[in-house]
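Reviewing the structure listed below.
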């Protein structure tokens, strides 16, 4: 819309915003329409852009009433603001927007990265531990994660049975650590290990 926007368009937008603000006072909390959403939905322009475009006009935002002050009459032959000035203002905005777009993108990316990192540190410290393990033992970590184990063998179907037996602590500790890097259940890995051992040495 901003490509061919004129002062009457700006007045129309301001009047519509004021009307929505008045109607919001009558609506329930769930029915209220946020001003930013209202402008974007109805006029396909952000509130920030609208604020930039009305600079230099007689349209101004009144923080006391939370509405826009608008002249009672707009003469099409005698505009509130010189059309050339308005056009220049729009072009300058476009130029500055495009020029700063990359810089803003970089700043946003850096801000987002820092924010995500903070969330991970505060709420998901275990992720940092996984990253640390990965950096210390990159090759083994990848190998453990990528090796496929077939848990759909027919022998792994049917009744579950528990049986206790003694084994060496070091072996058991290593096995528990190995299982912590797998998505399979320990019982399935134990069963597969026994099956493969019997198949290999039978």
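The values are calculated or read from the model by the stated rules, or taken from the named source; none is laboratory data. Note that the coordinates shown come from a computational prediction; the quantities given were computed from them, not determined experimentally. Here the Cβ positions follow ideal geometry from the backbone for every residue, glycine too, while neighbour counts run over all protein chains shown.
Per the conditions (1) in contact with a helix residue (DSSP H, G or I) (Cβ under 7 Å, 6 or more places away or on another chain); (2) without any contact (Cβ under 8 Å) to a residue 12 or more places away in the chain, the sole criterion not satisfied by residue 5 is (2).
Does residue 103 meet the test of being within 30 Å of residue 21 (Cα to Cα), loosely packed, with under 10 Cβ neighbours inside 10 Å and modelled with pLDDT under 60? First the steps, then the outcome.
On the way: within 30 Å of residue 21 (Cα to Cα): no; loosely packed, with under 10 Cβ neighbours inside 10 Å: yes; modelled with pLDDT under 60: yes.
So residue 103 does not fit the description; no.
Within the stretch 141-163, residues that are under 30 Å from residue 129 (Cβ atoms) reach partners that are part of a helix (DSSP H, G or I) and modelled with pLDDT of 65 or more with beta carbons closer than 6 Å, at six or more positions or on different chains, in the pairs 141/134; 151/188.
As a summary of the residue check, residue 64 satisfies the conditions (1) over 29 Å from the mean Cα position of the chain (by Cα); (2) surrounded by 12 or more Cβ atoms within 10 Å (Cβ to Cβ); (3) without any contact (Cβ under 8 Å) to a residue 24 or more places away in the chain except for the one numbered (2).
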